[in-house]
1. Got at least one residue in the range 202-225 being within 16 Å of ligand 2 (Cβ to nearest atom) and of a type in the set (S, T, N, Q)?
2. Is one or more of the residues making up the range 37-50 hydroxyl-bearing (S, T, Y) and in contact with a His (Cβ under 6 Å, 6 or more places away or on another chain)?
3. Please name all residue pairs, on different chains or six or more residues apart, with Cβ atoms under 7 Å, provided the first residue is in the range 1-18 and is within 18 Å of R212 (Cβ to Cβ) and the second residue is away from ligand 2 (no atom under 16 Å from the Cβ) and modelled with pLDDT under 95.
4. It is to be established whether one or more residues within the range 167-177 are of a type in the set (A, V, I, L, M), crowded, with 20+ Cβ neighbours inside 10 Å and assigned to a helix (DSSP H, G or I).
5. Looking only at the range 139-183, how many residues end up being polar (S, T, N, Q) and more than 12 Å from ligand 2 (Cβ to nearest atom)?
6. So, in the range 1-42, how many residues would count as being in a helix (DSSP H, G or I), of a type in the set (V, I, T) and more than 11 Å from ligand 1 (Cβ to nearest atom)?
7. Could you tell me which residue of the range 191-209 is farthest from ligand 1 (Cβ to nearest atom), considering only residues that are assigned to a helix (DSSP H, G or I) and buried (at least 23 other Cβ atoms within 10 Å of the Cβ)?
8. Given the structure, is D127 more than 14 Å from ligand 1 (Cβ to nearest atom), charged (D, E, K, R) and surrounded by fewer than 20 Cβ atoms within 10 Å (Cβ to Cβ)?
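The values are calculated or read from the model by the stated rules, or taken from the named source; none is laboratory data. A quick note: this is a predicted structure, and the numbers were derived from the prediction, not measured. No Cβ is skipped: glycine too gets one built from the backbone with ideal geometry, and neighbour counts run over all protein chains shown.
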Amino acid sequence: MAVQISPSILSADFARLAEEAKAVGGPGGADWLHVDVMDNHFVPNLTLGVPVVESLSRATDTPLDCHLMIEDPDRWAPQYVEAGAGSVTFHVEAAAAPVRLAREIRAKGARASMALKPATPIEPYEDLLPELDMLLIMTVEPGFGGQAFLDIMLPKIRRTRELISKHGLELWLQIDGGVSASTIERCAEAGADVFVAGSAVYGAEDPAAAVRALRATAEQTVATAGWACAH
Ligand SMILES: O=C(CO)[C@@H](O)[C@H](O)COP(=O)(O)O
Ligand SMILES: [Fe+2]
């Protein structure tokens, strides 16, 4: 599978969201636009909700990758599909019924994705992986952009890639937090194929060029990585 880049609008100018979305879109641009939804309960920060996602989905052709850092995703996640999200990620730590929720997201027509905070292990969820289109491994504590990449997550990324290969799944493996020109290589080498980058894209002078540079580095790494050669 090709490498995908999902710039996080958390680091964009919220007063100019449509323009900021366009700045990374178009041919050769971002594959997804990562939308961080925070409710000030699951994480100590507050961002945006369903109405903004609805407007954003009308303002850009880039599909929306909604990362829900909220309590009660069982109730809210389906509404993000209806608002136009192409992919909806809920946190397993917050979901009451993750399998039922993943099935509902898929049935409504979006890709279903589940996120793990840094301290949440992958092993208890091995049997649940076939229910998902993507797994998100957080490489910072969720809540804020611009934090330092947690190197200690690399073994978890490696183990997850092994599980995906072992079960022959099509599951995408997304990494979120501290992804930059200097960390993306380690993530790709460990087995990630979908990369969220906030400050590394929107903090750059030319966000579109930053997306292209991240993609080039990740593609080069994946092409030579052991996990990619295995299938
Ligand atoms: O979900 C989150 C933070 O909780 C992320 O999506 C951040 O927005 C990524 O920002 P950078 O670490 O790339 O600056
Ligand atoms: Fe995120």
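1. no
2. If we filter the range 37-50 for residues that are hydroxyl-bearing (S, T, Y), which is where we start, we get 47.
Of the ones still in play, those that are also in contact with a His (Cβ under 6 Å, 6 or more places away or on another chain) are none.
No, that holds for no residue.
3. V3/V222
4. No, the conditions are met nowhere in the range 167-177.
5. Quick first cut of the range 139-183, residues polar (S, T, N, Q) only: 139, 147, 160, 165, 174, 180, 182-183.
Then drop every residue that is not more than 12 Å from ligand 2 (Cβ to nearest atom), which leaves 160, 165, 180, 182-183.
Here the count works out to 5.
6. The first filter runs over the range 1-42 and keeps only residues in a helix (DSSP H, G or I), leaving 9-11, 14-24.
Of the ones still in play, those that are also of a type in the set (V, I, T) are 9, 24.
Still in the list and also more than 11 Å from ligand 1 (Cβ to nearest atom): 24.
Final tally of qualifying residues: 1.
7. As a first pass, look at the range 191-209 and keep what is assigned to a helix (DSSP H, G or I): 199-202, 207-209.
If we keep only those that are buried (at least 23 other Cβ atoms within 10 Å of the Cβ) as well, we get 200-201.
Details: A200: 6, V201: 8 Å.
For the range 191-209, the residue satisfying everything is V201.
8. Values: more than 14 Å from ligand 1 (Cβ to nearest atom): yes; charged (D, E, K, R): yes; surrounded by fewer than 20 Cβ atoms within 10 Å (Cβ to Cβ): yes.
Spelling it out, D127 is indeed more than 14 Å from ligand 1 (Cβ to nearest atom), charged (D, E, K, R) and surrounded by fewer than 20 Cβ atoms within 10 Å (Cβ to Cβ).
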